[in-house]
């Protein structure tokens, strides 16, 4: 269940589905899923990651091979990314697992321990959804609810050119890369050299380095490189002062392009919206609060009196078992613990300039 707070800063209506359809139809590269420009090994990695091929389900049919990035699922709270290596071993509380035993099995398989405790783990493919849950945090990251809204409202489709400032851990970048594949590209920038290097390594492990270029640049102080002027479909900002980048973002976007800014504080949102007002339209801010529900089963005994049969009867020990029925009730309730505020997402569309 999603509870969404939406602040509208103008009353202009729009048909987003029409805009996305127009973007696809006017740019043939958006629908070319079967690109032959990729070399075979690179394309194979993209298929595993769900980034190539007409049918995304191909990613779940691929078997595990040496060199693959696999996610070892131990339990709901514990998942770890591992590169499948010849003769390597994984030791955990559930036993010892040989990497050699994983090779040739399809992703999603359950593998048994060969030593120690007779336990098991699951070997999963590193999809963007799972990667977001198990990656090593270098900064605050966006999770699935926010990521879904960003990709939808930025209208990111295959073939898009996307700019991102504030690479951080690369959670959002990984999902955007899948959305623009196989012919699009993401240029992401971070001012911190070490974070940029770590992000490059993660993108390479995931097999998406040909879809993502990581640059080291202070976008907040210098703006985006001039080489992208009027060429970009969508822009995402995760910066302390995003309003400083609004003029540069307006120059980079194509006509009708969309940008998004992520900010944890409402004061940042106010400053950003003021900066957007002169060059952008359809300015809106969302806050997403996810509320999970748990499904519970209650098995109890119900007597004739409880079930509505109030007819009096003499005590008969032999009839005790007959007068009590076992019922199972299934019900749902909100989880006791819920994640609170993560941040505000502000979207805006570049005003159309008639020639």
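Place the peptides 94-106, 198-210, 159-171 in order of packing, highest mean first, counting for every residue the other Cβ atoms within 10 Å and averaging per peptide.
Going by the mean number of other Cβ atoms within 10 Å, highest first, we get 159-171, 198-210, 94-106.
Based on the mean of other Cβ atoms within 10 Å per residue, sort peptides 77-87, 249-259 so the most packed one is first.
Packing proxy ranking, top to bottom: 249-259, 77-87.
Bear in mind that the values in this text are calculations on the coordinates, not laboratory data. What you see is a predicted model; the values in this text were computed from it and never measured. Heads up, the Cβs are rebuilt from the backbone with ideal geometry, glycines too, and the neighbour counts pull from every protein chain shown.
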